[in-house]
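Peer 1: Sharing a structure, written as C-alpha cells. Questions coming.
Every number here is computed from the coordinates shown, using simple stated rules; none is lab data. Computed from a predicted structure; not experimentally measured. FYI the Cβ positions are ideal-geometry reconstructions off the backbone, even for glycines, and counts take in every protein chain you see.
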Amino acid sequence: MIIGIQAGGKAPSEKSPLIQVKHCTMEFPGVRALDDVGFTLMPGECHGLVGENGAGKSTLSKCIIGENHMTKGELYVEDKKIRIPTYSIKESQKLGIQVVHQEFQLMTDMTGLENIFIGHYQTGAGLINWKALGKKAKELMDFLQCDVNLNVPVKYLRTAEKQLIQLAKAVLSESKVLILDELTSVLQEKDILNIYRIIGILKARGMGIIYISHRLNEIFECCDSYTVLCDGRHVNSGSVSDINKAQLIKMIIGREMTQAFPPINQRFGAMMLEVKGLTAPKAFRDISFQVRAGEVIGLAGLLGAGKTELVHAIFGNHKIVGGEIFVRGKKAEIKNPRQAIRLGIGLIPDERRTLGLNMQFDIKDNTTLPSMDKFRKFKIFQDHSAEARAAFDINEKLELNYYSLWQNVKNLSGGNQQKIVIAKWMLRNSEIILLDEPTRGIDVGAKFEIYKLINELTKQGKCVVLVSPELEELIGLCNRVYIMFEGSIMDIVEGKRKTQEVIINSLLGVN
Amino acid sequence: MNTIDEKAKRYNGGWKLFLKEWVILILLLALVLICSLFLERFRTTNNIMNILRQASFTAIIAMGEFFVILTGQMDMSVSSIIGMVSIFFAGFVVKMGLPVWLALVLVLGLTVLVGIINGVLVVYGKMPSFIATLVVMNVVRGIIYLYSKGLPISGLPEGFNFMGSGYVGIVPFPVILMFIVAIILYILTAHTSVGRSFFAVGGNLEASKLSGINVKCIGILAFVFCAALTGVGALGLTAKTLAGNVTLGDELLFDVMTIVVLGGTSLTGGRGRIFGVVIGALFLQVIGNAMVLLGINTYWQWVVKGAILIVVVLIDSNTKRDIVKTKQKTQAIATEEK
C-alpha cells in the first residue's frame, strides 16, 4: 500500500472507481465474445486483465474505449453513466482513457517530439511553437524519468524507446485511465523493468492502469489486482497478493480440460517432412524438426519468435538463406508457394481475411482456387459444374454452415471461413498441412470442430504442423511440441514433459 | 435437405443483385429507346451501324485496359501505344516496303514488348502502376516523335481499309471483330484458370499467391493483354484513315478508362465483366452520337463524359455497400429457415 496517499487523502475504500463495467455482454454475428462480465478499476491501481487468446480481454478493453458498443450492460466512468450507443473513441479520450498497443501507432518518419504532440500542437500566431513544445516534452520526460532522444525520426529508435514515446503521448493528454495492451510482449527484461517503474510513477499520481499481458509473471510483479476472463465469461477478480501463480493458471484455463480434445493419433507412417538447419535472417535460425505421416507437431513461441515466418518459409513464401527441406525423404527446392503446393503442402495462414480468402469470391471459387488445374475440360477450359460438385462435397463433409455455393465468403462467421480455408487444401488432397493459428478469433464450438478436423487429417495419414499461441491447444493436439524463443528452438517436449509449466518456462526463455 | 442442386443453384442476392450488376445494360437500353423516340436521324440503320463501328475499336482497347484494372492496376500508356502502332505500321509498310502481314506481326510484337516492360516495372520493380506506365507513355511518345518528327505517314494500301471501314453484309467488319475478341476474352475470363486468376489476383494478391497462383506472371500478362489489344484497336483506327499518325490516341485514354469503369469493373480490382466493357463502350458512343445529332458543341462531350465517370464511380462505391446488405439479409433469412 502506498502510505502517502492514504495519509493525505481519503481511505482507499472511500474512493470511487474510475471505471466500472456491469453485466457487459458483447455479441458479434455468430459469436458471444463477452457474457455478463463485470470489471472495476480504482484510481492508483494497476489491474491485470488476463485470459487466453479469445477470452475477451481486448473486446472488453475495446468496449471501455468505445471502439465496440456492448450489446448489453452498463459502463460508468468516474460514476458517470455512459450512453453506450453514442459512445466513441473520441469521447473516451475526452474522458481521459488512453490505450497503448504493442503495435506502434507512431508516424515513423516524424521525430519523437512531433509524435508526442501530434494533434495537440500549441500554436502562437498560427505557427507551431516548437520551443514551448520542446520544454513541455522535457518536463514530461523528466516526470517519467526517461531519457529518449526526441529529435530524430522515431524509426531510428529502439523498440523500447518507441514504446516510451507512446506512453509519453498517452500520459500527456492528461489521461486518468491507461490501457496497456500487451505492451511488453516485444520488450526485453531490462525494458520491462523500466515500464514497471513508469507504471509506479503513474499510479502514485492517481491514474488507473489496465494491464493486459500473456506473461503471468508480470501480473505478479506489477499489478495490484487481477480479473480473469475465460471464453468471454468473468471467472474471478481479486487482489494479486491473495493468489499464487498456479491458482491463476488454473483460473485462466478454466473449463475442464477433459472434453476439449479428441484423442491424439498414435499410428505413424513414413517420414513426410523434415527440416534441417533452416535459417532466415531476422526471423529464425538453425531450425530442425521432423514430421511423420499421422503426426501433429506443434510450434510454440511468443510473438516475434519466428513461428509464422517458419511455416511461410516451408511454404516457399519467406526467403531462407540456409538449411534444407526434405519432403517424403527427398530434398525439395521450394522457391514459391506453387512448388510447395505441387509437393502436397498446404498452408492455412493466420490472417484468414487477408491471406486465406479472397473476400470478393464466392464459396465455390475460394474452395477450388488452389485446385483449378484439377478441373479441366480438354485441358484448357474450367469445368465449373465439376468444381461446384467437388466444393459442395468437401464443404458438406466439413459441416460448413452456408446458404449457397455462390454466396460471398465475406459474411460467414470466422469458424466457417476457417473451414473454407481448410477445405481448399483438403480438396487439393494436400498431405502436409501447415496450420498457423487456425483457431484465432473463433468461438469455442468452432474451435472444437477444427480440432476434430485436425484429428481426422492425421487419421487419414496426413501430417500437420500446428502453430498456436494457446498452450492448451498444443498440448491437447500435438504429439510433440517444439518451443521457439527468439528464432531458435529452445526445447522439444513430448510425453510426460508436455505440460503448461514446462512450455511456459521455455517460452519465456527461463531455464 | 442438403443436396447439391439446392446449394449450387441458389443464386444469392436474387434479381436485385442481378439488376445492380447489369445496371449499365438497362441504362443503355433506356438511352437507345429515348434517342430513337426523339431523334429521327438516330434510328436509321446507317446511324446505328455507325455507332457500332465507332465504338468497336475503343471497345477492343478498353477490353485490354479491363485486364489491368481487374488486377488492381492502371495502364496510362495506352494513348502512346496507339500512336506507336499507327506510325510504325505505316512506316514499315510505306517507308520500308514490308508486306502488310509482316508489318502486322512486327507492330504487335512491339506492343507485347511495351506490355512486358510495363508489367516488369510494376511487378518486379514494385513501382506504382500509375507512375510506371506514365513513364513508359512518355518514353514511347518521345521515340515515336523522334521516328516520325511528328508528321503523319500516309499511303497505306487501299485493301487495308477493309479492317477499318469494310462491311460484311450490312454489318461493319470492326463490329464483327469486336464481338469475336469479346467472345474469346469472355471464354478466357470465365472458363479458364488463367482468366480466373486475374480476378483472384485483383481480389486478394496475397491469398492468391498462397493458393499457388503465379501472381507475377498474371500481373505481367495483364499489361501484355492491355498493350496487345490496344495494338489491335490502333490498327483498326489507322486503317480507317490509311495513314499512320502519332497523335491518334491522344484523347482516347480518358474514354477507355470511362468505358472500363462504366462496364462495372471495380477500380480496386477483382470484379468486372468483359461484356460490361462492350456495353460501356456502346453507352459512351450513343451519348456522343446523340450530342452530335442534337448539334451540341463537341467540347461539351468532354464535360459530359467527365460527369458520367464521376457518377459511375460514385454509384460503384455505393452499390458495393448495398450488395453486402442484400447478402446479409439473405443470410439472415437462411439462418431463420433452420
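Peer 1: What does the highest-first list of A:73-86, A:295-308 look like by mean Cβ count within 10 Å?
Peer 2: A:295-308, A:73-86
Peer 1: Can you compute the radius of gyration and Dmax for the stretch A:386-472, using only the Cα atoms, both in Å?
Peer 2: That works out to 12.9, 41 Å for Rg and Dmax.
Peer 1: Which net charge results for the neighbourhood of B:Ser77, defined as the other residues with beta-carbon distances under 13 angstrom from its beta-carbon, given Lys and Arg at +1 and Asp and Glu at -1?
Peer 2: Every neighbour counted, the sum reads -2.
Peer 1: Next question. What percentages make up the Cα-Cα pair-distance distribution of the stretch A:73-172 when the bins are 5 Å wide from 0?
Peer 2: Reading the bins upward from 0: 2, 11, 20, 19, 16, 13, 9, 7, 2, 0.
Peer 1: Sequence gap at least 6, Cα distance under 8 Å: using those rules, report the relative contact order of chain B to the nearest whole percent.
Peer 2: Normalised by residue count, the contact order of chain B is 33 percent.
Peer 1: Once fully extended, how much extra length lies between B:Met96 and B:Met291, figured as 0.36 nm per residue of separation less the alpha-carbon to alpha-carbon distance?
Peer 2: So the extension gain works out to 66.0 nm.
Peer 1: In debye, nearest 20: dipole of the stretch A:352-511 around its Cα centre with unit charges on the Cβ of K, R (+) and D, E (-)?
Peer 2: Dipole of the stretch A:352-511, to the nearest 20 debye: 520 debye.
Peer 1: Give the average over all directions of the projected area of the C-alpha convex hull of the stretch A:182-236, one decimal, in nm².
Peer 2: Mean projected area of the Cα convex hull: 4.2 nm².
Peer 1: Assign unit charges at the C-beta atoms only (+1 for Lys and Arg, -1 for Asp and Glu), then state the dipole size of the stretch B:244-322 relative to its Cα centre in Debye, rounded to the nearest 20.
Peer 2: Using only the charged Cβ atoms, the result is roughly 300 debye.
Peer 1: In Å and from the alpha-carbon atoms only, list the Rg and Dmax of the stretch A:309-403.
Peer 2: 15.8, 47
Peer 1: For every other residue with a beta carbon closer than 12 angstrom to the beta carbon of B:Gly233, add +1 if it is Lys or Arg and -1 if Asp or Glu, then tell me the sum.
Peer 2: Combined, the nearby Lys, Arg, Asp and Glu give -1.
Peer 1: Tell me, how many Å apart are the Cα centres for the stretch B:248-264 and for the stretch A:436-493?
Peer 2: 52
Peer 1: Charges on Cβ only, +1 for Lys and Arg, -1 for Asp and Glu, centred on the Cα centroid of the stretch B:163-319; of B:Ile259, B:Phe225, B:Gly236, which one is farthest towards the dipole's positive end?
Peer 2: Of the options given, the answer is B:Phe225.
Peer 1: So, how do all the Cα-to-Cα distances of the protein assembly as shown break down into 20 Å bins, in percent, from 0 on up?
Peer 2: With a bin width of 20 Å, the distribution comes to 13, 36, 34, 15, 2, 0.
Peer 1: Here's a follow-up. Once a ≥ b ≥ c are taken as the square roots of the eigenvalues of the Cα gyration tensor of the stretch A:64-115, is the result rounded (a/c under 1.5), prolate (a/b larger than b/c) or oblate (a/b not larger than b/c)?
Peer 2: prolate
Peer 1: By how many nm would the segment from B:Ile170 to B:Phe254 grow when fully extended, if each residue of separation counts as 0.36 nm and the alpha-carbon distance is taken off?
Peer 2: Result for the pair: 27.2 nm of gain on full extension.
Peer 1: Right, next: For the protein assembly as shown, build the charge dipole from Cβ charges (+1 Lys, Arg; -1 Asp, Glu) around the Cα centre, then report which of B:Leu33, A:Gly356, A:Leu18 sits farthest towards its positive end.
Peer 2: B:Leu33
Peer 1: If you don't mind, another one. Please list 3J(HN,Hα) in residue order for the stretch B:275-283, calculated via the Karplus relation 6.51 cos²θ - 1.76 cosθ + 1.60 where θ = phi - 60°; whole Hz, with x for glycine and proline.
Peer 2: Those phi angles translate into 6, x, 5, 4, 5, x, 5, 5, 4 Hz.
Peer 1: Quick check of the Kirkwood formula: for the stretch A:432-511, what is the inverse mean of 1/r over all pairs of different Cα atoms, in Å?
Peer 2: 13.4
Peer 1: Same structure, new question: Put one equal scatterer on each alpha carbon of the stretch A:177-320, apply the Debye formula with no solvent term, and list log10 I(q)/I(0) at q = 0.14, 0.18 1/Å to two decimals.
Peer 2: Here the Debye-derived log intensity ratios amount to -0.93, -1.11.
Peer 1: Roughly how many whole Å is it from the C-alpha centroid of the stretch A:232-250 to that of the stretch A:98-161?
Peer 2: 37
Peer 1: Same structure, new question: With a sphere of radius 12 Å drawn around the Cβ of B:Val120, what net charge do the other residues whose Cβ falls strictly inside it have (Lys, Arg +1; Asp, Glu -1)?
Peer 2: It works out to a net charge of +2.
Peer 1: Run the numbers on chain A and let me know its relative contact order in percent, using alpha-carbon pairs under 8 Å that are six or more apart.
Peer 2: 15
Peer 1: Same structure again: Could you check the spin-label model distance between A:Glu174 and A:Asp147? Points 7 Å from the Cα along Cα→Cβ, value in nm.
Peer 2: Distance between the two pseudo-spin positions: 3.1 nm.
Peer 1: Here's something else I'd like to know. Give me Rg/Rg_expected for the stretch A:370-423, where Rg uses Cα atoms only and Rg_expected = 2.2 N^0.38 Å with N residues.
Peer 2: Expressed relative to 2.2 N^0.38 Å, the Cα Rg reads 1.22.
Peer 1: Averaged across the residues of B:164-173, what count of C-beta atoms belonging to other chains lies within 10 Å of each residue's C-beta?
Peer 2: Per residue, the number of nearby Cβ atoms from other chains is 0 on average.
Peer 1: For a Förster distance of 60 Å, can you work out the FRET efficiency between the beta-carbons of A:Lys331 and B:Val23, rounded to the nearest 0.05?
Peer 2: 0.60
Peer 1: Ok, one more. What is the pair-distance distribution P(r) of the stretch A:267-364, computed from all Cα-Cα distances in 5 Å bins starting at 0, with each bin given as a whole percent?
Peer 2: 3, 12, 21, 24, 20, 12, 7, 3, 0
Peer 1: On to the next question. Cα atoms only, chain B: Rg and Dmax in Å?
Peer 2: 21.3, 75
Peer 1: Still on this structure, I have one more. Amide H of A:Leu273 versus every other amide H placed in the peptide plane: which residues, excluding those fewer than 5 positions away on the same chain, fall under 5 Å?
Peer 2: When sequence neighbours closer than 5 places are left aside, the close amide H contacts are A:Val291, A:Arg328.
Peer 1: Let me ask another. Mind ranking B:131-142, A:143-154, B:289-300 by how tightly packed they are, going by the mean number of other C-beta atoms within 10 angstrom, highest first?
Peer 2: B:131-142, A:143-154, B:289-300
Peer 1: With labels modelled as points extended 7 Å from the Cα through the Cβ direction, what inter-label distance (nm, one decimal) is found for A:Lys90 paired with A:Glu27?
Peer 2: In this crude label model, A:Lys90 to A:Glu27 measures out at 2.9 nm.
Peer 1: Could you count how many Lys pairs in the stretch B:88-244 have their Cα atoms under 29 Å apart, skipping same-chain pairs fewer than 8 positions apart?
Peer 2: So the count of such lysine pairs works out to 5.
Peer 1: Here is a follow-up. For a quick check of your reading of the filter: which trypsin sites (Lys or Arg not before Pro) in the stretch A:134-238 sit in a DSSP loop and have no more than 13 other Cβ atoms within 10 Å?
Peer 2: Listed in order of number, the matching sites are A:Arg158, A:Arg205.
Peer 1: Do any of A:Lys15/A:Lys176; A:Lys276/A:Lys459; A:Lys94/A:Lys162; A:Lys138/A:Lys162 go past 19 Å between their Cα atoms, and which?
Peer 2: A:Lys276/A:Lys459; A:Lys94/A:Lys162
Peer 1: Please list, by residue number, everything in the stretch A:140-155 whose backbone N is under 14 Å from a paramagnetic label point 7 Å out along Cα→Cβ of A:Ala204.
Peer 2: Those under the cut-off are A:142-146.
Peer 1: Rg to Rh ratio, the stretch B:89-203, alpha-carbon atoms and Kirkwood radius?
Peer 2: 1.04
Peer 1: In nm, to one decimal, how far is the B:Thr44 label point from the B:Val311 one, both placed 7 Å along Cα→Cβ?
Peer 2: So the label points at B:Thr44 and B:Val311 sit 2.8 nm apart.
Peer 1: Would you mind working out the magnitude of the charge dipole of the protein assembly as shown relative to its Cα centre, with +1 at each Lys and Arg C-beta and -1 at each Asp and Glu C-beta, to the nearest 20 Debye?
Peer 2: Here the size comes out at about 1200 debye.
Peer 1: Which whole-number percent gives the relative contact order of the stretch B:117-212, counting Cα pairs below 8 Å spaced six or more residues apart?
Peer 2: Across the stretch B:117-212, relative contact order equals 9 percent.
Peer 1: Once you average over the residues of A:340-349, how many Cβ atoms of partner chains fall within 10 Å of each Cβ?
Peer 2: Taking the mean over all residues of the peptide, I get 2.
Peer 1: Here is a follow-up. Would you tell me the mean number of C-beta atoms belonging to other protein chains that fall within 10 Å of each C-beta in A:415-427, as a whole number?
Peer 2: 1
Peer 1: Could you tell me which residue out of A:Leu202, A:Gln266, A:Tyr226 lies farthest along the dipole of the stretch A:174-296 toward its positive end? Charges go on the beta carbon: Lys and Arg +1, Asp and Glu -1, centred on the Cα centre.
Peer 2: A:Gln266
Peer 1: Order these peptides, B:211-218, B:145-152, by their mean beta-carbon neighbour count within 10 angstrom, highest first.
Peer 2: B:211-218, B:145-152
Peer 1: Express in nm, to one decimal, how much length is gained between A:Arg342 and A:Lys397 on full extension, taking 0.36 nm for each residue of separation and deducting their alpha carbon distance.
Peer 2: Once the chain is fully extended between A:Arg342 and A:Lys397, it gains 17.4 nm.
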